[in-house]
Amino acid sequence: MDSASASTHAYDDVRRTPSRAPRALATEAVHAGRDDLARQGLHAPPIDLSTTYPSFDSRAEAARIDAFAATGAEPEGPPVYGRLGNPTVARFETALARLEGTDSAVAFASGMAALSAVLLARASTGLRHVVAVRPLYGCSDHLLTAGLLGSEVTWTDPAGIADALRPDTGLVMVETPANPTLAEVDLRAVAHACGSVPLLADNTFATPVLQRPAERGARLVLHSATKYLGGHGDVLGGVVACDEEFAGRLRQIRFATGGVLHPLAGYLLLRGLSTLPVRVRAASATAADLARRLAADPRVARVHYPRIGGAMIAFEVHGDPHEVIAGVRLITPAVSLGSVDTLIQHPASISHRIVDAQERRGAGVSDRLLRLSVGLEDVEDLWGDLRGALGAGATADPVERGAAVV
Ligand SMILES: *Cc1c(COP(=O)(O)O)cnc(C)c1O
């Protein structure tokens, strides 16, 4: 065997794991995307930082590039160029597809780059119309509302999806639980209403640990990998899990527009996946406990905690939400979510600021809503910090508190 085919073998192994009995999620989380390592004499996955790959056979390269241009299937054999695919990133893609129960996954530089690629893939076939359900993550809402990529959006509720479809509708988009209100939609019912139009479910909040949208009819499952998949607040990334046909189109868009995930980010995301089930279950147990305590606190007007559980809580306070943000000591007042440490933010000021105020309130994002991303700290320490911060919010705004009580 010459050296070119030896490296072909190693790279192809990353993506084409031999067929075998299905494995549980916790097992896939630590083994998927790594099945070839032991045979290669490795334990930790190698990080391949090459931007380009040598090939002495340019006739063969021409054929591989033609094949990619036709279908977007990953080129057979060794990698060609970093924008076409990277072996370390491929490990993360393989693992995430396995966790979501899809054929394939395509990784991007961020969640927004992933959503952009989906919109471009649809618009390039002439299907520019999108039907979407609010609330969505603030920047997703903005991308659709402003039509930055040439799409046109119709906002509706889940019951209105079937009526909102047009001949040029290329996509239906929902988040469940949604950012930031944690509103849930029935994915099976929505997928049915979509007919043949692809349904994109943003699964960033639930993660495949709590919900696998592809099993309920979503053709596209989107993640801001920046959140739970990475899980440590130190890597930006996005990914779409889907069937191989759609994945091919996404790879072609990624190749042409360049929103690639860096290999170091691919490594960190793969490492993040290995603890995903443990992190999500532990943080969810703490979040469920905190949601109960918040609901029983007289300074809290309303608590939103999803039926499917999870590590996110949204709650509305009677007092001034800005004072609650200013009052935390252990919890970090910051946008983003899904990290090992607990974060709190005020969606109307930060994550959903870019959404028109009227539309934002109409979507259930009240000006008194706070969004808490529960981490792995001890529940008593978190509750102590929240209680203190709620006290700050309650006393700093006695007029408004009085009004709310009346
Ligand atoms: C953060 C987020 C995004 C955007 O992801 P980035 O990685 O920040 O680009 C999309 N959807 C949801 C639900 C998010 O929370």
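The values are calculated or read from the model by the stated rules, or taken from the named source; none is laboratory data. Since this is a predicted model, take the numbers as computed values, not measurements. When we count neighbours, we look across all protein chains shown, and the Cβ atoms used for this are built from the backbone with ideal geometry, even at glycine. Accessible surface is based on the protein model in full, side chains and every heavy atom, while ligands, DNA and RNA are left aside. Shrake-Rupley method; radii C 1.70, N 1.55, O 1.52, S 1.80 Å.
In the context of the full set of protein chains, residues of the chain present 42 Å² of accessible surface per residue (probe radius 1.4 Å, heavy atoms only).
If you take every residue apart from THR71 with its C-beta less than 11 Å away from the C-beta of THR71, what net charge results, scoring Lys and Arg +1 and Asp and Glu -1? Summing Lys/Arg as +1 and Asp/Glu as -1 gives -2. Largest mean-square fluctuation among VAL280, VAL80, VAL131, in a Gaussian network model of the chain whose springs join Cα atoms under 10 Å apart, belongs to VAL80.
Exposure check, 1.4 Å probe, all protein chains in place: GLU28 carries approximately 10 Å² of accessible surface. Nearest 500 deg cm²/dmol is fine: what mean residue ellipticity at 222 nm does the chain get from its DSSP H runs of n ≥ 4 alone, each adding -39,500 (n - 2.57), divided by its residue count? When only DSSP H runs of four or more count, the value is -13000 deg cm²/dmol. When only alpha carbons are used to place a centre, region 296-351 and region 217-282 end up 25 Å from one another. Between GLU244 and ARG307, the FRET efficiency estimated from the beta carbon spacing at R0 = 25 angstrom works out to 0.15. Stretching the chain fully between ASP341 and THR51 yields a gain of 101.0 nm (0.36 nm per residue, less the alpha carbon separation).
When DSSP beta bridges are restricted to pairs lying wholly in the chain, around 55% turn out antiparallel.
Region 354-384 and region 152-176 have Cα centres separated by 26 Å. Other residues lying with their Cβ under 13 Å from the Cβ of THR286 contribute a combined charge of -3, Lys and Arg counting +1, Asp and Glu -1. Annotation for ALA296 and ALA256: the two label points, set 7 Å from Cα along the Cα-Cβ direction, are 5.8 nm apart. Taken along the Cα-to-beta-carbon direction at a fixed 7 Å, the label points for ASP289 and ALA44 span 3.3 nm. Here each label is just a point 7 Å from Cα along the line to Cβ, and for ALA282 and ALA26 those points are 1.3 nm apart.
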